[in-house]
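Where a number appears in this text, it was derived from the coordinates with a stated rule and is not lab data. If you're wondering where the values come from, they're calculated on a predicted model, not measured in any experiment. Cβ coordinates were reconstructed from backbone atoms using ideal geometry, including for glycine residues, and neighbour counts include every protein chain displayed.
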Amino acid sequence: MDETRRLNESEVTAVLKRAAEESAQQGLTVAQVHEIAADVGLAPDAVRRALIESANGALRPASVETSLGLPIGIAKDVVLPGVLTNAAWDVLVSTLRATFNAHGKEQRSGVIREWRNGRLRIAVEPTAAGDRLRMSTQKEGALRAPLVGSAGAMIYAASLYAASTAKPVLLLLAGIPVAISGALAVWPFLSLPRWSRNRSEQFDAIARMATELAAAPPRDMLADAPDRPRLPREPLQ
């Protein structure tokens, strides 16, 4: 190969893209990732955190439950690189309340800690390797609107046909409910994908934060002191 040959812009792009694809297939060691990151000027601490998130599953996309081709549930599990202290858990719960704009219910059952808001569940459970963060949610009544809309559309379509054989005014009046029913049937196809993306991004952010809290818990010498003010906790039901 002639090492002095000059490549134009498109050739350089194609060569680097092909090399990146092949490297991705073969995989890189942690040391190689650190070396590449240093060459491009990435902060070592940022690379270290990203590698931890890669190892514990925080970077993996959330699993999506679908029905009729629409996302109706999101779930994500992450093995944390340590144990969440009581202080770290309190910080996480405060973040959950701010993220989802809801107070929710905080529950504890033995060593399992959990925060719920409707069908949204965030739990921390112990494992041999460290705590596991479990996140799941379902869109309540996700398919109710299209089912109601479809049923309404069929009913009013029959009314529309009946009105068409009588007076034109009745035809117009019957068409209004049909339009409303059609909107109800179509709306989930527009709203549910956006809801799914938003929840997935929120779960990703929570996973990153929990990973950081487990790796470097907040310094709070009074975390378990009896006189430390704590938020009220809902009893298990």
Whole-Hz couplings from phi, Karplus 6.51/-1.76/1.60, listed for segment 6-13; x for Gly and Pro: 9, 9, 7, 4, 5, 5, 4, 4
Show me, for segment 100-109, the HN-Hα J-couplings you get by feeding each phi into the Karplus relation (A = 6.51, B = -1.76, C = 1.60, θ = phi - 60°), rounded to Hz, glycine and proline as x. 9, 6, 8, 6, x, 10, 9, 10, 9, 9
For segment 23-94 and segment 196-218, compute the distance between their C-alpha centroids and round to whole Å. 9 Å
From phi via Karplus (6.51, -1.76, 1.60), per-residue ³J(HN,Hα) for segment 79-93 in Hz, x at Gly/Pro: 8, 6, x, x, 10, 6, 6, 4, 5, 5, 4, 4, 5, 5, 5
ARG119: net charge of surrounding residues, Cβ under 10 Å, Lys/Arg +1, Asp/Glu -1, itself excluded? +2
What distance in nm separates the two pseudo spin-label positions at SER23 and ASN8, each 7 Å out from Cα along the beta-carbon direction? 2.6 nm
Segment 16-56: C-alpha gyration tensor shape, a/c 1.5 cut-off, then a/b vs b/c: oblate
With each label point set 7 Å from Cα along the Cα-Cβ vector, what nm distance links ALA205 and ALA46? 1.8 nm
Over all distinct alpha-carbon pairs, what is the Kirkwood Rh of segment 8-142 in angstrom? 18.2 Å
Amide H contacts of VAL83 (H built 1.01 Å from N, under 5 Å, at least 5 apart or other chain): ASP131
